[in-house]
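Here is the structure we will look at, set down as structure tokens.
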Amino acid sequence: MNCFRSDINYHYIISLMACSYNGDKIYNLEPHKHEDWKWFSWKEIVEFNENNELFYGLADYIDNILSQNKTLIGILEVTV
């Protein structure tokens, strides 16, 4: 995804993934790189986006989905 914000001179190509979650316990196998993993419902992600709490690439992706009146099947699970 091409993420461009001219007002702050921000331009990156972002790769995003969604996955299904079978309910098994998740483990952080690289705690020195990231504090923790968390799973969020689509509703929570939209709320994060409304409060400007997502990184630009994910926010643009969510805005794109919402602007086209699309929804995701089930729950979109991502790490934040």
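Going by C-beta contacts inside 10 Å, put TYR12, TYR56, TYR21 in order with the fewest on the left.
Listed from fewest to most nearby Cβ atoms, that is TYR21, TYR12, TYR56.
If we count other beta carbons within 10 Å of each Cβ, what is the order of LEU16, LEU54, LEU29, fewest first? All intermediate terms of the calculation are to be shown ahead of the outcome.
Numbers: LEU16 13, LEU54 19, LEU29 8.
The fewest-first ordering by Cβ neighbours comes to LEU29, LEU16, LEU54.
Taken together, the values in this text are just the output of simple stated rules run on the coordinates, not laboratory data. Just so it is clear, the structure is predicted and the values come from calculations on it, not from any experiment. Neighbour counts run over all protein chains shown; Cβ positions are idealised from the backbone, glycine included.
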